[in-house]
Amino acid sequence: PEPGVESARWCLLTARVQAEQRSFVNAEKRLAECPVPEELSADDRQLFRLIAGRIAIGRKQFDDAARHFAMLAASLAPNDPQWVLAQQQRSHALANTGNLADALA
């Protein structure tokens, strides 16, 4: 692997574990230590968006969550299982903002 790739992935994975454990403050701090999306590989950029979206939902920042999950979905093919997850999470976030029409779409 190229230099720095493993450390970026490790940073993202540790942030994801914290987010999945609902330790959103720690996950957000850890994610801030990771490279910015523009510096990541396409796969790691998708992982970054997933984590950022999960943190935003956990912190009830639904507009941010919808934006992250929309960006994640846009980077995936509709037949990718992660695309379905991204769309479901985006709909969940939109519904929580009161935007039911877009959530249903």
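The values are calculated or read from the model by the stated rules, or taken from the named source; none is laboratory data. Fair warning: this is a prediction, and the values are worked out from it, not measured in the lab. Heads up, the Cβs are rebuilt from the backbone with ideal geometry, glycines too, and the neighbour counts pull from every protein chain shown. Side chains are part of the model used for accessible areas, which takes the heavy atoms of the whole protein and leaves out ligands, DNA and RNA. Shrake-Rupley method; radii C 1.70, N 1.55, O 1.52, S 1.80 Å.
Just for the range 29-58: of the residues that are under 13 Å from the mean Cα position of the chain (by Cα), closer than 14 Å to A15 by Cβ and not hydrophobic (A, V, I, L, M, F, W, C), which one is surrounded by the most Cβ atoms within 10 Å (Cβ to Cβ)?
Per the criteria, the residue is G53.
What are the pairs, 6+ residues apart or on separate chains, where a residue within the range 82-105 that is more than 21 Å from F48 (Cβ to Cβ) and surrounded by 13 or more Cβ atoms within 10 Å (Cβ to Cβ) has its Cβ under 7 Å from a residue that is of a type in the set (S, T, N, Q) and at pLDDT 90 or above?
Short answer, once both residue conditions are applied: A103/S91.
Within the range 64-81, which residues are under 14 Å from the mean Cα position of the chain (by Cα) and open to solvent by less than 70 Å² (accessible area, probe 1.4 Å)?
If the condition is that a residue be under 14 Å from the mean Cα position of the chain (by Cα) and open to solvent by less than 70 Å² (accessible area, probe 1.4 Å), then D64, A65, A66, H68, F69, A70, L72, A73, S75, L76 are the ones that fit.
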